[in-house]
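Chemist: Quick one: this structure, given as C-alpha cells, is what I'll be asking you about.
The values are calculated or read from the model by the stated rules, or taken from the named source; none is laboratory data. This one's a predicted model, so the numbers in the text were calculated from it and none came from an experiment. Here the Cβ is made from the backbone with ideal geometry for all residues, glycine too, and neighbour counts use every protein chain on show. Remember, those area values only see protein heavy atoms, side chains included, never the ligands or the DNA or RNA. Shrake-Rupley method; radii C 1.70, N 1.55, O 1.52, S 1.80 Å.
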Amino acid sequence: MTLADIASILFWFVFFLLIFSPTTSQARIRAARARILASLESKIKMRFITLIHRQERVGIFGIPVYRYIDIDDSEEVLRAIRETPKDMGIAIILHTPGGLVLAASQIALALKRHPGKKVVIIPHYAMSGGTLISLAADEIWMDRNAVLGPIDPQIQFQQYGSLPAPSIIKLAKMKGERAEDITLIMADIAEKATKGVQEIVVELLRDKMGEERARELADLLTRGDWTHDHPITFEEAKKLGLPVKDEIPEEIYDLMALYKAPLMQRSGVEYIPYTPQRSGR
C-alpha cells in the first residue's frame, strides 16, 4: 500500500467521522433527555413537555439563527396535550425569549382547557409569549433567580423592524393630526393587537383571580410601563398574585445542561463544577 493510498483512506475516514459524529452525538443527547423526562414523569406522575429555545447564535454558513415560539412548536405541543389522558397532569418546562402571539396563545389556551393539573416550570426565563403560556398554569414553579416578562405585542414595521405596540399608540397620539397615514394604520393595528392579548390574559386568569383583577393584570402586562425585556422576578410575580412556587426538581437543571450551545460556539462562561466532599470513616 502506497503513501497515497494511506492518505486517501485517512481522508475518507476523517470525512465520514465529521459527517456522522454530530448525528451520533445528538442521538446520545436526545436519549439522555428522554431518560430524565421519563424519570420526572415516574417521580411526579405528570406528563412532561419541553419548550426550550436557546437564544444564542448558531452559525449556519455564517448566517445567525435564533429560535422562538413558532407555529411548528404550537403544533407539537398541542399534539402532546391532546394525547395526554384527561386525568393526568401536565408540566411544561419553559426556557424561551417568546415568539409569535398566535403560537403562544394556542399553547396557552390548549393548556388551560386540559382538565388535569397544569404546571409550568421556569428554570431561567420565560419572556413574552413564554409568560403568556405561564398564565395558563395552576402553578408556576420558578427558580428564585428566574424571570417572566411583559406581554405587550410587538408590531412589525417595514422600515424599523419590530416595535412595541404601546409605543406606536403613544406616538400616534403625540403626533395627532400631523401623524402620517402609515403611523395611524400601525397604531390601529397596535391597539387591536393589544386588546386581543388582553382578552386572552383575562380568559386565562378569570377563574383564578376574578374578572376585575384579571383585567387589571392584563392591562399592566400590556400597556408598556416596562420595556419588553423587563425582568419580572419571582418576588414581583408573587406580588402580582401569580401562583409561583420555588419548587424546581434538581433533575430539571440536569436536563437544561443537555441543551448547551453547539461545540463550535465557545461559551463565554467557564468554571470547575463543584463536587461536595464526603467524609469517610
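Chemist: Considering only segment 111-125, state which residues are part of a strand (DSSP E or B) and farther than 19 Å from ILE44 by Cβ.
Modeler: Matches in segment 111-125: TYR125 only.
Chemist: Within segment 237-247, identify whether any single residue is of a type in the set (Lys, Arg) and at pLDDT below 65, and answer yes or no. I'd like the intermediate steps shown before the answer.
Modeler: Of segment 237-247, the ones of a type in the set (Lys, Arg) are 238-239, 245.
After this cut, where a residue has to be at pLDDT below 65 as well, the list is none.
No: zero hits.
Chemist: Something else: Being open to solvent by less than 10 Å² (accessible area, probe 1.4 Å), in a loop (DSSP other than H, G, I, E, B) and not basic (Lys, Arg) narrows it down to one residue among ALA108, ALA91, ALA104, ALA136; which is it? Walk me through how you get there before you give the answer.
Modeler: Values: ALA108 fails: in a loop (DSSP other than H, G, I, E, B); ALA91 fails: in a loop (DSSP other than H, G, I, E, B); ALA104 fails: in a loop (DSSP other than H, G, I, E, B).
Within the list ALA108, ALA91, ALA104, ALA136, the selection yields ALA136.
Chemist: Assess whether GLU251 counts as being touching a Phe, Trp or Tyr at 6+ places or on another chain (Cβ under 7 Å), touching a residue at least 12 places away in the same chain (Cβ under 8 Å) and assigned by the TED database to the domain that holds ILE133.
Modeler: Details: touching a Phe, Trp or Tyr at 6+ places or on another chain (Cβ under 7 Å): no; touching a residue at least 12 places away in the same chain (Cβ under 8 Å): yes; assigned by the TED database to the domain that holds ILE133: yes.
When the stated conditions are applied, GLU251 does not pass them.
Chemist: Okay, next question. Take the conditions open to solvent by less than 10 Å² (accessible area, probe 1.4 Å) and over 15 Å from the mean Cα position of the chain (by Cα) and apply them to VAL120. Does it pass? Working first, answer last.
Modeler: Details: open to solvent by less than 10 Å² (accessible area, probe 1.4 Å): yes; over 15 Å from the mean Cα position of the chain (by Cα): no.
No; evaluated as a whole, the condition is false for this residue.
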